[in-house]
Amino acid sequence: MATVLRAFKFALDPTADQRTKLKRYAGAARRGYNFALGMKIQAHQQWRERVDALVAERMEESEARRHCGIAIPRKPAVYKEFIATRGDDRTGEDGIAPWHHQIPSYCFQSAFNDADQAWKNWLDSLTGKRAGRRVGYPRFKSKHRSRDSFRLHNKKGATPMLRLEGYRRLNLHTKLGSVRLHDSGKRMHRLVASGAAVVKSVTVSRGGSRWYASVLCEVETDLPAPTRRQRRNGRVGVDLGTHHLAALSKPVEGAVLIDNPRHVRAAAKRLAKAQRALARTEKGSARRKKAAVRVGRLYHAVALKRATTLHALSKRLVTTFACVAVEDLNVGGMTRSARGTVEAPGSNVAAKAGLNRSLLDAALAELRRQLDYKTSWYGSRLAVVDRWFPSSKTCSACGWRHPSQTLADRVFVCAECGMRVDRDLNAARNIAAHAEPVPGPGTVAPGRGETINARGGRGSPAALRGSRRRPVNREDAGLIGPAPPRRSNPPTSSARRPQDDNGSE
Ligand SMILES: [Zn+2]
């Protein structure tokens, strides 16, 4: 038996009144995040000034940092300040959020946590503690740019606040009531009723014009052994590509090259058309607003279809094979420019740049994430090979390295052993041959893969293993203490102003 985190995602059918409230809660969460970030940035600026002043008095920079005595405020301090300044329109007290009593306080609290996490992610990325893409200086959330979302945590008590009522309703908060689910919650309801699952938190977000609830549960589950079919099929290598969706080193249902389904391509075409239409509208016009809504909806539809396709692929792979090998996104790999450096210029810059490249990176990260947990569900293993292993330039039969293979060459021809094979298929075979198994089912590399909250918090099932399984208030658990910012300077206060949104839209 093992305890794993599992999210159940439901589309919601809120009433008109609930819809308004959801929008306001998301606005309040954004406001809370900006408030916390504002405090951090202000403290950061004071810190920088103080350090500079000490350095001007001929103190060493490292010494100055130790003695400046300014800490970046974290959630407890932020919450205290928020309570002191929020005001209350019931008593006529003016403040920054006098309407706060209409909003579940969890919306603010989890937003403060998110700001802590965003700050930590930036610091860790700066100091090289965090793997993956470089994380920028935290930005204020804007109504126009950020995703509408907020998170509620389960309350301790005999009747948990976050619970399914029957198969069709999800109780979120007394201020909101229970929201009807668009689809059935039967599977989750049964797990919770039997005591095998405990609800930890719910993240509510808007995609296009729809609202979704992602219910995070701690689930007690058996880790299955591979089936006879999986053992017989052994290991498969997967190469994601722009030409095909994926190339496999071994056939699945007779196919080694898997194409993107037609409906995904059609939806992408419709999106491109809608984006062109949007670009032709006048700023601030009613038509522009309408066109923007249409782009948002189509964008969401394309994302959903892509996700569905990847889900189908990842499930087929983990149920068919005992081991699935993919390319990994290595440390800092995603930012490595195709352009290279002045001393070592990159080759084939144009072909590597552009939209396809970033979509491919996103798809690869998502496939990696799905394989991470699905392998543990279905008794399979995950293996990865470094992203910069030259999988498409190496002969998968004899190991000869092609000196000038380009992206345009669809066929790999080996000068050593004479093998002729599809370029992506050759890559898939190399990935299968050179991948290293990822340790243990259910364990996840830091900074990527399974995360439990919007800002990439602690999420590996291993981190939660051994904890007692009942609803706990995870608000203050285990965030790492502040470290002094290094190298960077905070932006000037005039450069970054929070967007003016007060949660009441
Ligand atoms: Zn060869």
Across (1) under 30 Å from residue 11 (Cβ atoms); (2) among the polar types (S, T, N, Q); (3) part of a helix (DSSP H, G or I), residue 203 clears everything bar (3)
>> Checking the structure you have, find out if any residue of region 17-38 is surrounded by 14 or more Cβ atoms within 10 Å (Cβ to Cβ), free of Cβ contacts under 8 Å to residues at least 60 places away in the same chain and over 30 Å from residue 199 (Cβ atoms).
In response: no
Residue 203 vs (1) at pLDDT 90 or above; (2) surrounded by fewer than 16 Cβ atoms within 10 Å (Cβ to Cβ); (3) in contact with a strand residue (DSSP E or B) (Cβ under 7 Å, 6 or more places away or on another chain): all pass except (2)
Within region 240-253, of all residues that are assigned to a strand (DSSP E or B) and touching a strand residue (DSSP E or B) at 6+ places or on another chain (Cβ under 7 Å), the one most open to solvent (accessible area, probe 1.4 Å) is 250
In region 161-200, anything free of Cβ contacts under 8 Å to residues at least 12 places away in the same chain and either touching a helix residue (DSSP H, G or I) at 6+ places or on another chain (Cβ under 7 Å) or part of a strand (DSSP E or B) (or both) is listed as 171
- Query: What about residue 433, is it within 14 Å of the ligand (Cβ to nearest atom), open to solvent by 60 Å² or more (accessible area, probe 1.4 Å) and out of contact with any strand residue (DSSP E or B) (no Cβ under 6 Å at 6 or more places or on another chain)?
  - Reply: yes
Taking region 217-239 and keeping only residues that are open to solvent by 20 Å² or more (accessible area, probe 1.4 Å) and in a strand (DSSP E or B), one is left with 220, 221, 235
Taking residue 400 as the residue in question, decide whether it is in the same structural domain as residue 254 (by TED's automatic domain parsing), of a type in the set (A, V, I, L, M, F, W, C) and within 9 Å of the ligand (Cβ to nearest atom). yes
Within region 252-304, residues under 26 Å from the mean Cα position of the chain (by Cα) and among the β-branched types (Val, Ile, Thr) come out as 258, 264, 293, 295, 302
Picking from 28, 43, 36, the residue that is outside the structural domain of residue 170 (by TED's automatic domain parsing) and touching a strand residue (DSSP E or B) at 6+ places or on another chain (Cβ under 8 Å) would be 28
Of the residues in region 367-386, those that are within 19 Å of residue 428 (Cβ to Cβ) and either open to solvent by 50 Å² or more (accessible area, probe 1.4 Å) or hydrophobic (A, V, I, L, M, F, W, C) (or both) come to 367, 371, 381, 382, 383, 384, 385, 386
Just to be sure before I move on: is residue 256 open to solvent by less than 20 Å² (accessible area, probe 1.4 Å) and either in contact (Cβ under 8 Å) with a residue 12 or more places away in the chain or in contact with a helix residue (DSSP H, G or I) (Cβ under 9 Å, 6 or more places away or on another chain) (or both) in the structure I sent? no
Restricted to region 405-424 and to residues being within 14 Å of the ligand (Cβ to nearest atom) and under 34 Å from the mean Cα position of the chain (by Cα), the residue nearest to residue 250 (Cα to Cα) is 423
Requiring at least 3 residues that are open to solvent by 60 Å² or more (accessible area, probe 1.4 Å) and either at pLDDT 90 or above or over 30 Å from residue 296 (Cα atoms) (or both), the helices (runs of 4 or more DSSP H) wholly within region 48-145 are 61-67, 75-85
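The values are calculated or read from the model by the stated rules, or taken from the named source; none is laboratory data. Just so we're clear, the structure is a prediction, and the values are computed from it rather than from any experiment. In this analysis, Cβ positions are derived from the backbone assuming ideal geometry, glycine residues included, and neighbour counts consider all displayed protein chains. These area figures cover heavy atoms from the full protein model, side chains too; ligands, DNA and RNA do not enter into them. Shrake-Rupley method; radii C 1.70, N 1.55, O 1.52, S 1.80 Å.
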